[in-house]
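> Take this structure, written in structure tokens, and hold onto it; I'll ask about it next.
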Amino acid sequence: MNTQEKEAVLTISLMAAFADGQKADDEREKIKELMDNLGIENSSNIFQKVLLKQVTLPDVVKNIESNEMKLLAYEMAVCIADADGLVNQQEKEFLNRLKTELNLADQSTETVEPEAAALAEQRVETTLEQAAPLVDEAEINKMILNYSILNGALELLPQSLATMAIIPLQTKMVYRIGKKYGYELDSGHIKEFIGAIGVGLTSQVLEGYARKFIGGFAKKLGGGLAKTIAGTATGAAFSFASTYGLGKVSLIYYSGGRKLDMSQVKGMFGRYKDEGTGLYSKYQGEIQNKARNINFKELLPMIKGNRI
């Protein structure tokens with residue numbers, strides 16, 4: 001993928017993220033921060049042009065030459081549109097225009113949309129275990145670690161839809177923790193909870209794809225850009241740490257009777273996410289081994305069932 005194609009795919013991804021016209025200010029800020037830290041020279045300018053609607057699909061698409069890259073751009077757009085729930089009419093219209101501009105045959109995309117939709121529409125509340133009369137906190141902590149390792153492993157898989165599975169798995173994890181403490185949660189509540197503590201749904205999927213496919217990220221140190229980090233390894237660390245932090249604050253929140261306000265929970269999430277980042281190297285071998293043994297076709301049954 002050359003620089004021109006990277007910028008085109010990134011632009012299409014951002015257009016998909018904003019296609020619904022409903023992004024909250026905090027989600028826009030997360031996406032802006034992501035663009036500021038992306039190791040592509042024009043990423044911030046791309047963000048501004050998309051936000052101000054100064055680019056059009058025909059202009060962007062002409063910079064993508066290979067059919068493989070066109071299909072990748074479409075897959076990423078579908079998954080980003082699906083990230084915060086099933087696509088609305090505006091998003092459907094955008095995806096239809098994109099498919100037309102990319103000149104993709106229906107047979108080449110026929111599995112992308114239903115698979116992404118199947119992941120996005122998962123409802124966790126009817127498929128999981130009943131609340132235990134006595135809560136084993138050590139068992140919950142082990143479950144949080146298992147989800148963190150699995151989500152880190154998904155970032156190492158070559159399939160683009162693997163990243164899409166991270167949010168449903170995080171949703172399921174939060175549901176199971178709440179259930180342990182007697183709370184009946186639905187997917188809508190959980191997604192609001194995840195968003196409120198600072199884990200943006202759209203930005204999380206966009207970041208996963210940016211790390212995996214678009215190119216290197218760079219850390220900001222001392223006001224300047226330091227060395228570029230390998231994309232997939234960094235993505236695995238990010239997903240491991242964010243899932244770990246989310247699990248830990250969910251445990252504290254629901255075990256404490258949901259009495260903490262969200263600003264407190266958000267602050268704790270940052271601390272536990274940092275803790276997860278520190279733990280990543282300890283479990284890196286397990287994450288890599290998990291990635292080698294994941295059957296991609298079993299992801300959806302895994303999300304629906306109790307095998308984690």
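For every residue, the table says whether it meets (1) in a helix (DSSP H, G or I); (2) over 17 Å from Ile140 (Cα atoms); (3) at pLDDT below 90; (4) aromatic (Phe, Trp, Tyr).
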site	(1), (2), (3), (4)
Ser242	yes, no, no, no
Gly247	yes, no, no, no
Ile252	yes, no, no, no
Lys259	no, yes, yes, no
Gln264	yes, yes, yes, no
Met268	yes, yes, no, no
Thr277	yes, yes, no, no
Tyr280	yes, yes, no, yes
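> Could you grab me the full set of residues in segment 152-183 that are in a helix (DSSP H, G or I), under 18 Å from Tyr254 (Cβ atoms) and of a type in the set (Gly, Ala, Ser)?
Passing the criteria: only Gly178.
> Applying the selection to segment 297-308, what residues are surrounded by fewer than 14 Cβ atoms within 10 Å (Cβ to Cβ), under 28 Å from Phe193 (Cα atoms) and of a type outside the set (Asp, Glu)? Before you say what the answer is, go through the steps one by one.
Start the filter on segment 297-308 by keeping residues that are surrounded by fewer than 14 Cβ atoms within 10 Å (Cβ to Cβ), which leaves 297-298, 301, 305-307.
Remaining after also requiring under 28 Å from Phe193 (Cα atoms): 298, 301, 305-307.
Within segment 297-308, Pro301, Gly305, Asn306, Arg307 qualify.
> Could you check segment 149-164 and list, in sequence order, the residues that are surrounded by 23 or more Cβ atoms within 10 Å (Cβ to Cβ) and either among the basic types (Lys, Arg) or within 13 Å of the chain's Cα centre (by Cα) (or both)?
Across segment 149-164, the qualifying residues are Asn151, Gly152, Leu154, Glu155, Thr163, Met164.
> Only one residue in Glu75, Glu68 is out of contact with any strand residue (DSSP E or B) (no Cβ under 9 Å at 6 or more places or on another chain) and surrounded by fewer than 18 Cβ atoms within 10 Å (Cβ to Cβ). Which one? Please lay out each step first, then the result.
Details: Glu75 fails: surrounded by fewer than 18 Cβ atoms within 10 Å (Cβ to Cβ).
Answer to the check: Glu68.
> Suppose we filter Ala153, Ala196, Ala210, Ala162 for residues that are outside the structural domain of Ala83 (by TED's automatic domain parsing) and in contact with a strand residue (DSSP E or B) (Cβ under 8 Å, 6 or more places away or on another chain); which single one remains?
Values: Ala153 fails: in contact with a strand residue (DSSP E or B) (Cβ under 8 Å, 6 or more places away or on another chain); Ala196 fails: in contact with a strand residue (DSSP E or B) (Cβ under 8 Å, 6 or more places away or on another chain); Ala162 fails: in contact with a strand residue (DSSP E or B) (Cβ under 8 Å, 6 or more places away or on another chain).
Only one candidate passes the filter, namely Ala210.
> Pairs under 6 Å by beta carbon, first residue within 21 Å of Ala196 (Cα to Cα) in segment 259-287, partner outside any helix (DSSP H, G or I), six or more apart or different chains?
Final answer for the pair search is Val265/Ile197; Lys266/Ile197; Lys266/Gly198; Phe269/Ile197; Phe269/Gly198.
The values are calculated or read from the model by the stated rules, or taken from the named source; none is laboratory data. From a predicted model like this one, the values you see are computed outputs, not experimental measurements. A quick note on method: Cβ atoms are made from the backbone with ideal geometry, for glycine too, and the neighbour counts reach across all protein chains shown.
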